[in-house]
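The values are calculated or read from the model by the stated rules, or taken from the named source; none is laboratory data. Fair warning: this is a prediction, and the values are worked out from it, not measured in the lab. Every residue, glycine among them, receives a Cβ derived from its backbone with ideal geometry; neighbour counts consider all protein chains shown.
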Amino acid sequence: MTLEVCVESFEDALIAAENGADRIEYCSALAVGGLTPTPGALARMRDIPVPCFAMIRPRPGDFVYSAGELETMTREIALARDAGAQGVVFGACKADGSLDGEALKLLCDAAGGLAKTLHRAFDITPDAFAALETAVELGFDRILTSGQQPTAEEGCTLIADLIARAGGRIIILPGSGVTAANASTLRAKTGASQLHASCKKIAGAGAGEEGRVATDAKAVRALRRAMDH
């Protein structure tokens, strides 16, 4: 199985890669669900020893984007490509929660030959199967989803149905609450070939500062072992 770990720093990307991650989702601000990495962070992606996908999300909050925000996102995609990203992760919705096909086509066109992951904007769509077909038509390579539930384990029934409906046309990537404790259950119940996890801990608290989200090497190793057995 392929393990993707989301991280918010170059150091955490190295920790994840050294402890069993096959692919990195590179973000900033994981505490708000992940935003586009800074230009300085993007510039270090070439030094990460596993494939690295950049989150393209210009702000926290909803996934309804203005024309100006979409222009920002296309520029961020270009920066990520120039920095050595092998893929990008993004999503966009209309006010009713359905996928914004026009906005997504603009972003997919900007991404060109980069691998493209539709992020968990998918999980707020009112019709998951219609959204799946839209993603396939637009040329996405994978969909990151918790099965429209708070965690992938809770959403495993829909995830299994999505994998069956996809029929190999697109990868369904379960994420949210994925740990060593439930990896085998998720594999057995969904048939997923890849998993996405944060493997995070709170680190660095002290001197009056709040802790930050950091990658937990032990959690990555434990999840890797669970996925390999």
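Here are a few things to note about the model shown:
- Options Leu107, Leu79: the member that is buried (at least 22 other Cβ atoms within 10 Å of the Cβ) and either in a helix (DSSP H, G or I) or in contact with a His (Cβ under 7 Å, 6 or more places away or on another chain) (or both): Leu107
- Failed item, numbered, when Arg120 is tested on (1) surrounded by fewer than 17 Cβ atoms within 10 Å (Cβ to Cβ); (2) at pLDDT below 95: (1)
- Those strands (runs of 3 or more DSSP E) of segment 119-229 in which 3 or more residues are within 21 Å of Met55 (Cβ to Cβ) and of a type in the set (A, V, I, L, M, F, W, C) occupy 171-174.
- Members of segment 82-97 found to be more than 20 Å from Glu25 (Cα to Cα) and not in a loop (DSSP other than H, G, I, E, B), listed by number: Cys93
- Residues in segment 162-174 that are without any contact (Cβ under 8 Å) to a residue 60 or more places away in the chain and surrounded by 15 or more Cβ atoms within 10 Å (Cβ to Cβ) were compared, and the one that is nearest to the chain's Cα centre (by Cα) is Pro174.
- Qualifying residues in segment 1-29 (those that are in contact with a Lys or Arg (Cβ under 7 Å, 6 or more places away or on another chain) and polar (S, T, N, Q)) - the one farthest from Gly40 (Cα to Cα): Thr2
- Residue that is surrounded by fewer than 21 Cβ atoms within 10 Å (Cβ to Cβ) and either in contact with a helix residue (DSSP H, G or I) (Cβ under 6 Å, 6 or more places away or on another chain) or closer than 26 Å to Asp127 by Cβ (or both), where the choices are Gly33, Gly40, Gly91, Gly68: Gly33
- Residue match in segment 151-161 (condition: polar (S, T, N, Q) and free of Cβ contacts under 8 Å to residues at least 40 places away in the same chain): yes
- The residue of segment 16-45 that is modelled with the lowest pLDDT, among those that are under 16 Å from the mean Cα position of the chain (by Cα), among the hydrophobic types (A, V, I, L, M, F, W, C) and part of a loop (DSSP other than H, G, I, E, B), is Ala29.
- Reported count of residues in segment 99-134, each being among the small types (Gly, Ala, Ser) and either farther than 22 Å from Ala78 by Cβ or in contact with a Lys or Arg (Cβ under 7 Å, 6 or more places away or on another chain) (or both), is 3.
- Residue in segment 91-107 that is touching a strand residue (DSSP E or B) at 6+ places or on another chain (Cβ under 7 Å) and closer than 24 Å to Pro49 by Cα present: no
- Extreme residue, surrounded by the fewest Cβ atoms within 10 Å (Cβ to Cβ), among residues of segment 2-15 that are under 16 Å from the mean Cα position of the chain (by Cα) and farther than 16 Å from Arg212 by Cα: Thr2
- Thr145 vs. criteria surrounded by 23 or more Cβ atoms within 10 Å (Cβ to Cβ), of a type in the set (Val, Ile, Thr) and over 17 Å from Leu118 (Cα atoms): no
- Applying the condition of being touching a Pro at 6+ places or on another chain (Cβ under 8 Å) and outside any loop (DSSP other than H, G, I, E, B) to segment 46-65 and asking which residue is surrounded by the fewest Cβ atoms within 10 Å (Cβ to Cβ) yields Met55.
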